[in-house]
Amino acid sequence: MELEIIFLRHAQSLANVGRAYPGFHPDDPPLSELGSVQAERLARRLADEAIDAIYASTLIRTCQTVEPTASALGTKVRLLPELREAGTEIAGSSLQNFSRLAPSSLESARRIGWESVPSLANESEPQLAARAVGALASIRSEHPEGGRVLVASHAAFFGFLLRAALGLSLPEPFAWEVTNCALTRVLLRDDGIPLLLSANDTAHLL
């Protein structure tokens, strides 16, 4: 069955604008004030769409980004450590962060044992590509009847996710510039030929 994946880069974080974020791990910055506004606009954009599940990395900025959308749709966020940013040293944010900033993700965070999740600090490009393929395989296995899912990840990992979704492999040249809180839609079709529906869509941020 066909599965539409809406890929999302997290909204603007404090790190994106060079702001300090005391109390958070260097790899785990929260959203900026503008990022929080972007997340609310995203929720308004997606509130009327039939979205079967929301997936996010285990870092707080992706979870904050999809929190308003999850609340609007009355659903919980499913965390996938495989969606983390490239070069990330920590497995995920703290439960305190989820409870305070992204409660829709808290239940999933509690089910994941951070001690069993490896560091991603020294991945090679082939390893990043393999992680992206694995992340998409995990998501597809959860939706054998198809549908539509929202997948929130990060800028440096985004190109690897798109490669995996479009069936491109290394060393295929492929550059992908993605804006904070932008949407990119890919339809995984029954005939095995993926269809890029839209790319880097920021209409909801205007």
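All of the numbers you see were taken from the coordinates with simple rules; none came from a lab. All of these numbers come straight from a predicted model, not from anything done at the bench. Here the Cβ positions follow ideal geometry from the backbone for every residue, glycine too, while neighbour counts run over all protein chains shown.
Counting DSSP beta bridges with both partners in the chain, what percentage is antiparallel, nearest 5?
On the way: 11 of 25 bridges.
Percentage antiparallel, nearest 5: 45.
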Most packed first (mean Cβ within 10 Å per residue), the peptides 122-135, 25-38 order as 25-38, 122-135
Under 5 Å from the placed amide H of R84, counting only residues 5+ away or on other chains, we find T58
Relative contact order in percent for the chain (Cα pairs under 8 Å, 6+ apart) equals 31 percent
Taking N as the residue count of the range 4-58, its alpha carbon Rg divided by 2.2 N^0.38 Å gives 1.31
CD proxy, 222 nm, the chain: helix-only mean residue ellipticity via -39,500 (n - 2.57) per DSSP H run with n ≥ 4, per residue, nearest 500, stands at -10500 deg cm²/dmol
Long-range amide H partners of A11, meaning residues 5 or more apart or on another chain whose placed amide H is closer than 5 Å, are T65, C181
When H10, H204 are ranked with the fewest other C-beta atoms within 10 Å first, the list becomes H204, H10
Taking the dipole of the chain about the Cα centre (Lys, Arg +1; Asp, Glu -1; charges at Cβ), the one of F24, G87, S198 that reaches farthest to the positive side is F24
If N is the residue count of the chain, its Cα Rg over 2.2 N^0.38 Å rounds to 0.94
Residues meeting the amide H criterion for A199 (H placed from the backbone, H to H distance under 5 Å, 5 or more places apart or on another chain) are R185
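Report the full-extension gain for the segment A155 to R19: residue separation times 0.36 nm, less the Cα-Cα distance, to one decimal in nm. The partial results should precede the final answer.
Values: separation 136, 0.36 × 136 = 48.96 nm, distance 1.80 nm.
Full extension from A155 to R19 adds 47.2 nm.
If we count other beta carbons within 10 Å of each Cβ, what is the order of T62, T184, fewest first? Mind dumping the intermediate values first?
Details: T62 31, T184 22.
Taking fewest neighbouring Cβ atoms as first place, the list is T184, T62.
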Scalar couplings 3J(HN,Hα) for the range 162-170 by Karplus 6.51 cos²θ - 1.76 cosθ + 1.60 (θ = phi - 60°), nearest whole Hz, x for Gly and Pro, are 5, 4, 4, 5, 8, x, 8, 10, 5
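Assuming 0.36 nm per residue, please report the length gained on full extension of the stretch E145 to A199 beyond their Cα-Cα distance. Working shown, then result.
Values: separation 54, 0.36 × 54 = 19.44 nm, distance 2.46 nm.
Additional length available on full extension: 17.0 nm.
For A121 and M1 in one chain, what is 0.36 nm times their gap in residues minus the Cα-Cα distance, to one decimal in nm?
On the way: separation 120, 0.36 × 120 = 43.20 nm, distance 3.56 nm.
That works out to 39.6 nm of additional length.
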